[in-house]
Amino acid sequence: MIGVVARLSIQDGKQGEFEQVARDLMAKVKANEPGCLTYQLYKQKGSDTDYIFMEQYASQDALDAHGQSDYFKAAGPQLGACLAGAPDIQYYSIVE
């Protein structure tokens, strides 16, 4: 399994727009990607602008399929327009 944590800083005033696009993306991922085991947005406590996506994939193929989906590609520019800087994306291997 592969874990992904994507840290995102959002421009102040763009949180509502960002959250709406993210909710739509989460719904599409959950409905269409059986290899994506977790795909959830979290807002940092005490911050109005810091978020993370926590993701878990069954395999590298599932992660690759996620990145190639039409809805992920469509959401990218919409989410990107809300960012205050480059996302910090970290990849993890499961410890069993």
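What follows is calculated from the coordinates using simple rules that are stated; it is not laboratory data. The structure displayed is predicted, hence computed values, not measured ones. Positions of Cβ are backbone-derived with ideal geometry, glycine not excepted, and every protein chain shown enters the neighbour counts.
Which order do Val21, Val5 fall in if you start with the one that has the fewest other Cβ atoms within 10 Å?
Ranked by crowding around the Cβ, least crowded first: Val5, Val21.
As I understand it, the value is the acute angle between the Cα axis of helix 15-32 and the longest principal axis of the Cα atoms of the chain; what does it come to in degrees, rounded to 10?
That helix lies at roughly 20 degrees to the long axis.
Would you mind ranking Thr38, Thr49 by Cβ crowding within 10 Å, fewest neighbours first?
Thr38, Thr49
Using Cα-Cα distances under 8 Å and only pairs 6 or more residues apart, what relative contact order does the chain have, in percent?
48 percent
Given 37 °C and 0.692 mPa s, compute D for the chain with the Stokes-Einstein relation, Rh being the Kirkwood radius over Cα pairs; round to the nearest whole µm²/s.
D, rounded to a whole number, is 239 µm²/s.
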